[in-house]
Structures are given as structure tokens and as C-alpha cells.
1. When B:Val11 is evaluated against the numbered criteria (1) facing chain A (nearest Cβ under 10 Å); (2) at pLDDT 95 or above, which criterion, by number, is the only one it fails?
2. Being more than 9 Å from chain B (Cβ to nearest Cβ), in a strand (DSSP E or B), under 16 Å from A:Ile127 (Cβ atoms) and touching a residue at least 40 places away in the same chain (Cβ under 8 Å) narrows it down to one residue among A:Ala25, A:Ala37; which is it?
3. Do you know which residues across the stretch B:40-85 are without any contact (Cβ under 8 Å) to a residue 24 or more places away in the chain, assigned to a loop (DSSP other than H, G, I, E, B) and not charged (D, E, K, R)?
4. If you go through the stretch B:19-30 one residue at a time, do you hit one that is within 25 Å of A:Arg88 (Cβ to Cβ) and not acidic (Asp, Glu)?
5. Just to be sure I understand, how many residues within the stretch A:75-93 are away from chain B (no Cβ under 11 Å) and free of Cβ contacts under 8 Å to residues at least 40 places away in the same chain?
6. Considering the stretch B:423-442 alone, what residues qualify as being of a type in the set (Ser, Thr, Tyr) and under 20 Å from B:Gln178 (Cβ atoms)?
7. Being of a type in the set (Gly, Ala, Ser) and touching a residue at least 60 places away in the same chain (Cβ under 8 Å) is the filter here, so list the residues in the stretch B:264-292 that pass it.
8. Hey, A:Asp368 hits all of (1) over 20 Å from the mean Cα position of the chain (by Cα); (2) assigned to a strand (DSSP E or B); (3) closer than 24 Å to B:Gly377 by Cα; (4) of a type outside the set (Val, Ile, Thr) but one; which does it fall short on?
Amino acid sequence: MPDEVDVAREVVELAMRAGATQADASYTVSDRFSTEARAAEVVKLEQSVARGVTLRVFDRGAKATLSTSDLAPERLRAFVREAVDAARFVAADPHGGLPEPGGFAVDWPELATYAGDVRARPAEEKIADALTLEAVVRDTDSRIFNSSGSRIADATSTFALANSYGFAGSYRSSQVAASTAPIARDGDDKRPGSYGSAARSYAALEPIGSIARKAARKAVASIGARKPATMRCAVVFDRDVASLVLSDFFAAVNAANVAIGNSFLANRIGDRIGSDLATIVDDGRLPNGLGTSPFDSEGVATRRTVVVAGGVLQTFLYDTYYARRLGAASTGNASGGGIGPNNFYLLPGAGTVEALVASTASGVFVTDTIGFATESVTGTYSRGARGFLIENGELGRPIDGFTIAGNLVSMLGALDAVADDLVFDQGIVAPTIRIAEMTVSGT
Amino acid sequence: MRPDASTFERVLTRALGSGDYADAFYEYKVTRSFRLQDGRVHEGAIGVSCGVGIRVVSGERAGYAYSDDLSEGALLDTARVAALIATGGGARVESVHLPAGPEAAIGLYGDPEPLRLRAESATYVDFLARADVAGRAADSRIATVNATFAVELQDVAIATSDGRFVSDRRPLVTLGVQCVAAGKVRGTGFCGDGGRTSVDFFERRSPEDVAREAARIACVNSDAVETPAGEMEVVVGAGSGGVLLHEAVGHGLEGDFNRQGTSLYSGRVGERVASELVTIFDDGNLPGERGTVAVDDEGTPGEHKVLVERGVLRGYMQDRQNASLMGAHSTGSGRRQSFRFMPQPRMCNTYMPDGDSTYDEIVASVRRGIFATSFAGGQVEISKGDFVFMLAEGYLIENGKLTAPLRGASLIGNGPDAMNRVTMVGNDGRLAGRYYTCGKGGQYVPVGVGMPTVKLASVTVGGSGVAG
């Protein structure tokens with residue numbers, strides 16, 4: 001079995017022999033496990049090793065890619081030739097090509113992307129975790145009568161990258177996720193709750209009991225929820241939902257969207273785009289972070305980039321191509337053929353969530369959103385939502401069946417409170433936040 | 001490449017162990033695509049998905065493992081891992097027998113050899129160039145045209161422990177064009193089309209047509225005003241309005257949710273769940289549509305299913321495992337994203353047949369409300385039935401006439417509640433442009449949707465403009 005890096009190097013050689021002027025290739029081997037429990041039964045058990053090669057070839061700066069799980073030598077060679085041929089149909093591009101040789105990661109500190117306990121833990125114990133999660137969530141409250149299942153999933157991966165400049169590197173990573181989705185009975189109605197958490201290791205994973213209690217509380221707390229009145233008011237996003245808002249914001253600082261006119265932030269570097277509470281960072285080197293890696297998918301060293309500082313837009317996030325196109329330098333955000341976040345987060349504030357709610361005279365506290373309507377061209381934001389009314393600084397009755405709407409620009413400007421509850425349990429994370437005013441549409 | 005019958009027999013015999021049932025899904029899928037950005041062909045891409053997934057079912061339990069290595073040794077190992085969940089019971093010594101070769105599914109995809117082999121890349125790049133020129137020429141406000149053309153050919157074979165061995169060869173072509181128009185605001189418009197058919201499709205539906213439609217929507221949206229907020233009458237336009245059926249009803253009728261009792265439609269077959277104007281079909285047999293399956297990913301032929309008939313719930317969409325646990329038959333709804341996933345009960349092409357009203361009558365009946373021409377997508381929460389869908393193009397209706405175009409908003413409703421509020425159904429039903437993809441449990445599959453013009457008595461519209 002050749003070393004993973006050797007596989008990547010061989011694919012680069014195939015591409016160069018087929019006529020590419022530059023090439024890079026990655027080889028990923030991922031060992032995946034998942035199990036699901038429902039009621040007292042293990043209902044799913046999945047275990048596999050996934051292998052894949054991705055290749056980028058350049059010809060006159062024009063790019064073509066190959067992504068394949070068929071590693072049989074003759075067919076791999078044929079598809080590599082086909083990719084080189086496809087690049088001939090792509091327009092020549094002065095900005096296309098590999099990163100400059102000086103930009104590659106050379107060495108890096110220990111980033112704790114891999115934990116040995118993920119492979120070492122026996123499958124029986126992982127199955128027992130899923131069964132425990134399911135049992136605890138059902139026992140937490142008598143009104144919980146069913147569930148969509150409790151799941152434990154993990155993966156360990158090796159990512160190896162090589163290119164025609166001679167760069168070669170690899171790193172290992174691991175990830176564990178636990179989630180559960182109980183359903184509470186509310187007369188004839190069903191009230192779902194769901195919650196999950198992820199980490200680099202079983203040791204660092206949020207305790208099963210805590211995950212179960214949070215999910216159960218979500219389901220039970222929404223019993224009796226009704227539509228609120230249509231109004232303009234303060235909206236508090238709990239940290240899970242605030243993280244989704246930050247994901248929408250990421251699309252607007254993605255340099256690819258900026259370059260093709262799909263971002264409302266084009267030409268706004270140096271401008272105030274949010275309140276002074278808005279400081280947003282992308283950090284590829286955060287130890288233990290789920291978005292951490294020593295180098296991005298082009299081999300460029302990752303780093304910490306302040307994207308918004310005290311409300312002022314500092315930079316977009318770039319890969320090599322869009323950096324060249326927009327006259328900037330890569331920020332180490334190349335990801336799977338596009339631009340992606342490393343650990344992208346909103347800096348936490350000093351106060352607790354309780355204090356934030358207590359300082360809110362009236363408004364809504366949003367715990368879940370559905371839909372995905374944000375347009376990065378205009379920043380228009382609109383989502384279905386669930387949560388609670390806030391009255392006189394206290395959480396009031398549960399509400400659902402409403403939408404919240406606004407615009408990401410005005411929302412960032414109206415960001416007037418940030419809590420201290422930031423947890424790095426996903427690649428994009430935010431603490432609980434309050435937007436001074438948005439439109440709530442109900443009855 | 002594809003393992004032969006005797007290999008599958010040995011692999012399935014190993015997999016079955018003490019399970020009730022085992023199957024193997026072989027896939028070889030090649031996707032070729034080009035992307036145009038800012039007037040230039042920006043990227044070419046080839047994707048290859050090759051492997052075998054093996055599943056062992058034992059009552060409610062299912063074990064799954066896959067391998068991208070097609071050697072018999074690797075497949076036997078994979079079978080052993082898949083069977084772990086079914087071990088413990090008394091192992092039956094039972095051999096699986098298959099026909100010597102797979103039976104080819106009856107094609108529903110146009111040409112017997114779906115993809116023309118001549119000068120492929122040149123043809124695809126030419127489609128993109130034509131879309132670009134037509135999009136820019138459509139209106140002086142068009143600032144950007146981005147487009148993608150993709151051709152996929154998926155060869156599958158399904159072998160089962162009860163002796164089924166079938167194959168299917170599925171083409172999928174897709175052209176998607178996005179335009180951005182610079183007007184009062186920057187407006188985006190998207191249009192896509194294609195289907196499970198040959199590239200010849202674009203001789204009938206030209207790339208220019210697709211691009212002009214995207215440009216038209218972008219220009220409309222560049223004049224759009226803020227959508228009002230609150231409950232109001234909503235008319236849902238023919239075609240892509242079918243997203244409403246997909247979200248509000250379709251997902252809730254998938255067999256897994258109903259077997260587990262987690263859907264709000266669980267145990268309600270025969271009950272009234274919608275206005276009697278509402279009939280909903282799901283059909284895997286419509287030639288050339290995105291959601292069409294000659295056989296599903298468990299080897300069951302696609303069916304025409306009556307989900308709701310004049311407001312009464314008639315049945316669920318089933319895969320084999322859920323059908324067997326519920327004492328029903330599989331409706332050819334077992335679908336999966338690739339060999340790396342277990343099948344789930346999924347929709348194919350979901351639509352509503354024509355009613356009696358004309359488009360003009362429906363719009364004229366609304367004093368103040370919203371006309372939702374098309375949707376960018378939707379999402380539903382299965383247990384409570386709350387769904388949202390996102391406006392891609394819409395207008396205010398004032399005194400029975402369409403007036404100002406509206407900027408992107410979500411509409412939120414509850415499945416049965418919304419279906420009970422259907423007060424008019426048009427006679428202008430059609431399927432939407434063929435570019436919808438449905439996500440469930442992390443798996444994405446192509447689907448079709450369709451509907452005539454429909455009026456809903458009251459829906460919560462999630463704009464940012466508060467009236468009065």
C-alpha cells in the first residue's frame with residue numbers, strides 16, 4: 001500500500017505526462033462509522049472506507065478538474081487525459097494556475113486535528129452511546145413520546161496533497177458528532193426538538209446527557225406555541241441560529257461571489273458595515289477547531305484573518321485564483337475547488353445569555369430557523385422561525401409559524417448585544433446575538 | 001467492471017447471514033460539466049462515482065457498508081461488515097441465486113443510447129456561449145451571466161437476496177443560467193432545464209430560451225420592492241408552485257416517517273387531509289423528467305402513485321424495508337444519492353392535476369395578496385408540518401391585477417392547514433423547469449415538481465415591509 005502522498009504525486013505525474021502545464025492532486029482516505037438508535041434498538045450501523053482522488057490541471061491558466069473514486073490504473077489514466085483535454089475547451093486565464101511556490105505550508109505547530117480515541121473506541125461503546133442518548137432523551141420528560149432517532153457518527157481521514165512545483169504534504173483529522181431528535185406530544189400536535197454537537201474527539205464531545213437534555217427541552221418548551229403578531233421588534237438569535245446567520249454572511253465575504261458580482265459587500269473594504277460589536281475572524285490554526293488544518297486544498301498555509309474589526313470590513317476571504325483576480329493575496333481559504341471557511345466566528349461578548357435576555361425589553365428569542373433564502377447579491381434575509389416571546393426581559397410564551405426578515409447589512413448594523421457563549425462545535429460559529437430591530441411576520 | 005452474477009451471489013450469500021434480506025447496489029456514474037463565468041468558459045469538470053454498496057436488513061435494523069474496490073475479496077469484506085447488525089440470531093445457511101445476467105429496465109429516457117458521442121466538449125461549451133450571448137442581449141441591464149452545463153450517465157445494477165438482478169442506464173442533462181441585472185437594486189434571475197434525456201433536448205429547448213428567461217426574472221427583480229409582512233391571500237403560479245406540494249405534503253408521506261410515527265400524516269390513510277380540490281400524484285414513469293426512475297435504486301419499477309385524491313389521503317411512498325414493516329408494497333420510491341448511501345423512500349415527480357378555474361379567474365378573485373410565480377426552493381419540518389418556501393419571482397396583487405414585483409421573501413405555512421385553504425385550482429397545470437434537487441438526511445436526488453395555478457386563502461408572508 002503506497003503512502004497517500006505517493007498516490008497524489010503519481011496522479012500529478014500522470015497529468016503532466018498527459019500535457020498539463022501545471023497540476024495538483026489530492027488523495028483522501030476516510031474511515032467512517034455511524035450508528036443510529038431508535039427506542040431501545042440499534043436500527044442502523046454503517047462502516048466504510050471512502051477513497052477519492054481530486055485533480056486540477058491547468059493549460060494556459062485554464063482549469064479542469066477530476067474527482068474520482070475509480071482508482072483502477074488504466075481508467076484513472078484515461079480520465080486524467082480527459083481532464084487535460086477538457087482544459088483545452090476552457091478560456092485561457094492569466095489568473096489561473098497554482099499558488100506561487102513561496103506560499104505553501106512548510107511546517108506547522110501541532111494543531112490537534114486528529115484524536116486517537118476516534119478509531120480506538122470500540123464499535124460496541126459507540127453503539128452504547130447512541131442507545132444511551134436515545135434512552136436519556138426519552139426519559140427526560142413524559143411528554144416525549146417518540147423520536148426520529150439518536151445518532152453517533154465519526155470519521156478519521158488522511159488528506160494528502162501534491163503539486164507540479166514539488167509541494168507534497170499530508171495531515172490526519174478526526175471528527176465525532178452526536179445528535180438526537182425527540183418529539184413531544186402537544187394534544188394532537190407533534191413538537192420536534194433536535195440538537196447535536198461535534199468535536200475532534202470522543203473525549204472533547206459534549207456529554208451525552210447534556211445533548212439529550214437540550215434536545216428534550218427544545219421539544220417540550222415549544223408545546224402550546226402559537227403564531228405571534230406581525231411587528232417590528234428586537235430579535236435574539238440563540239448561538240445555533242446565530243451561527244447560521246454567520247454562514248449567510250460568509251457567502252458575502254467569499255471572494256468568488258465578490259468577483260462575479262454576487263456579493264453586497266463588493267467595493268466595501270474599509271467601510272463600516274456593522275456595529276462596533278461586529279468582529280469576525282477566520283482562523284485556520286485554532287487548536288482543536290473543526291475547521292482547522294495546516295494548509296488549504298491548494299497547499300497554502302492557513303492563518304488567522306480578521307475579516308471585520310469593530311464593524312469595519314477588513315478583507316474578503318480568498319483562494320489563489322480570486323486573490324489574483326482581485327489584486328489580493330490568498331488567505332488560505334481554498335476548499336474543495338472553491339472558497340470555504342476555516343474556523344469562521346463572531347467574537348463573543350462579556351455578558352451571559354441570561355443577562356442579554358434580561359436587558360431586552362421586548363422582542364423574540366429565536367431557537368430554530370428553516371429555509372435558505374438569503375441572497376448574497378442584496379443581503380435580503382428571510383426565514384421561517386420558532387422560539388419564544390421576550391417580555392420585560394423574560395422569556396415568555398413559545399411561538400412558531402412566523403418569519404423573520406431583514407437585510408444582512410442592516411442586521412449587522414443593528415447588532416447591539418453579543419453574549420459570551422461561543423463554542424467551537426462547527427466550522428462556522430457565533431455566540432447568542434441580538435439585532436435591535438427586524439420584521440417578525442405572524443398573524 | 002460490474003461484478004458478475006456469480007460474484008454477487010457469493011457476496012449476497014455472505015451478507016445475508018441471519019438477516020431477512022440483503023441487496024447490493026453497483027454504480028458507475030460519470031458527470032461531465034463546464035461552467036461559464038463572466039462571459040468566459042471558466043472551468044471543466046469530470047466526476048466519477050464508482051463502487052458497490054451492500055445492505056443487510058433485519059426487521060427494523062439495517063447494516064450498510066460500501067467499497068470503491070470492486071474485487072471479490074473487497075466485496076466479501078464489505079458484506080461481512082454490512083452483516084454485523086444482523087449477527088447474533090441463528091445463522092441461516094441459505095445461498096442466493098441470481099439470473100446469469102441483469103434484466104435491463106425498460107428505458108424512459110428517450111434515445112436508447114442517450115448521450116451522443118460526437119464532439120461532446122465542443123457542443124457543451126457552445127451551449128454555454130449561446131446562453132451567455134442571449135442573456136446579455138436580452139436586456140441592457142444584464143450585468144452578469146453565469147451558467148453551468150452538465151451531462152451525467154449513471155449505470156446501476158441491483159442484485160438482491162431474493163433473486164432480483166436488474167440494471168438501468170440513466171442519463172441526466174442540466175443547463176442552469178443565472179443572470180444579475182443592475183436596476184434600482186441588483187436583481188438575480190435563475191432558470192434551468194434538462195432532464196433524464198439526451199443532449200438533443202436542447203435542440204427543442206434552446207440555451208437561448210433558458211438564458212432569456214433567467215434575464216427576464218433578473219430584470220423583474222431589479223425593480224422589486226420590499227415584500228409586505230403578515231397573513232394574506234396567496235396565488236401560487238403554475239409549474240414551480242409544485243414545490244409547495246413537495247414540501248407541504250410530499251415529504252410527510254414518505255414511508256420511513258410514517259412507519260416511525262414521526263410524520264403528522266402517520267396513520268391517516270383514508271382521512272381527509274386537504275381541501276377536496278386537492279389531488280396529488282407522484283410519478284416515477286414520466287418520460288424524460290428529472291425524477292423519473294425506470295427502476296428505483298432497489299430495482300423496483302417506478303409507479304404512478306395517488307397520494308391525495310380529492311382531499312383524502314390515499315397512500316404513502318415506500319421503499320422495500322418500510323413497505324415490508326408496514327405490510328405494504330414498495331412503490332418504486334427507494335432512491336439514493338450514490339453507492340455510499342442506503343436508499344430512503346423519496347419522491348420522484350410530484351404534481352397536481354388540473355382543476356376547473358382559469359388563471360384569469362383566480363387572479364381576478366384576489367383583492368390584496370401575493371402572486372408567487374416561482375420558488376427558489378423550500379423546506380419542511382416533518383412532525384409538525386411547518387414548511388417554508390422561498391420566492392424567486394413574485395408580485396403584489398391589488399384589486400385583481402398583478403402590480404409591483406416583490407423582492408425575495410419566505411412564505412411560511414403548515415402542510416394540512418395550507419392544503420385545507422386551497423380555494424381555487426387552475427386548468428393550466430404543467431411541470432416546472434427541470435432543475436430541482438431534493439435533500440433528505442444528507443442525500444441529494446433529482447426530482448420533478450408541477451402544479452396548476454392555485455389560490456390559498458391565507459398564508460403568512462415573510463417580507464420586511466410592515467403595512468400600517
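1. Of (1) facing chain A (nearest Cβ under 10 Å); (2) at pLDDT 95 or above, only one is false for B:Val11: (1).
2. Numbers: A:Ala25 fails: under 16 Å from A:Ile127 (Cβ atoms).
Among A:Ala25, A:Ala37, only A:Ala37 is more than 9 Å from chain B (Cβ to nearest Cβ), in a strand (DSSP E or B), under 16 Å from A:Ile127 (Cβ atoms) and touching a residue at least 40 places away in the same chain (Cβ under 8 Å).
3. Passing the criteria: only B:Ser71.
4. yes
5. Of the residues in the stretch A:75-93, 0 are away from chain B (no Cβ under 11 Å) and free of Cβ contacts under 8 Å to residues at least 40 places away in the same chain.
6. If the condition is that a residue be of a type in the set (Ser, Thr, Tyr) and under 20 Å from B:Gln178 (Cβ atoms), then B:Tyr435, B:Tyr436, B:Thr437 are the ones that fit.
7. Hits for the stretch B:264-292 are B:Ala274, B:Ser275, B:Gly284, B:Gly288, B:Gly291.
8. The failed condition is (1).
The values are calculated or read from the model by the stated rules, or taken from the named source; none is laboratory data. Everything numeric in this text was worked out from a predicted model, so none of it was measured. In this analysis, Cβ positions are derived from the backbone assuming ideal geometry, glycine residues included, and neighbour counts consider all displayed protein chains.
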